[in-house]
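Written below as structure tokens is the structure these notes are about.
We did not get these values from a lab; they are worked out from the coordinates using the rules stated. Just so it is clear, the model here is predicted, and its values are computed rather than measured. Note: ideal-geometry Cβ built from the backbone for every residue, glycine included; neighbour counts use all protein chains shown.
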Amino acid sequence: MKRLATTGQKVEVSGIYKCTNCGNEVTCVKGERFPPCSKCYETNFTLVRRTK
């Protein structure tokens with residue numbers, strides 16, 4: 001099972017994250033905070049691919 005990331009939580013791993021509701025993908029940078037999904041305002045994401 002993949003670990004969920006939530007809006008407002010600090011990003012621990014830079015990467016591409018997918019909204020658990022609509023599938024929209026967002027790029028998040030380590031140390032910043034997760035935003036709400038820009039398409040459906042869902043608050044949960046899963047990591048799709050790590051980036052450097």
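Karplus-based coupling profile of segment 22-39, in residue order and whole Hz: 10, x, 4, 9, 10, 9, 10, 10, 3, x, 7, 10, 5, x, x, 4, 6, 9, with θ = phi - 60° in 6.51 cos²θ - 1.76 cosθ + 1.60 and x standing for Gly or Pro.
Here's how it looks for ASN24: its modeled amide H is under 5 Å from those of CYS19, which are all 5 or more places away or on a different chain. By the count of neighbouring beta-carbon atoms within 10 Å, fewest first, VAL11, VAL48 end up ordered VAL48, VAL11. By the count of neighbouring beta-carbon atoms within 10 Å, fewest first, PHE34, PHE45 end up ordered PHE34, PHE45.
Cysteines in the chain lacking any other cysteine Cβ under 4.7 Å from their own Cβ: CYS28.
Footprinting exposure proxy ranking of LYS52, LYS10, LYS18, fewest other C-beta atoms within 10 angstrom first, gives LYS52, LYS10, LYS18.
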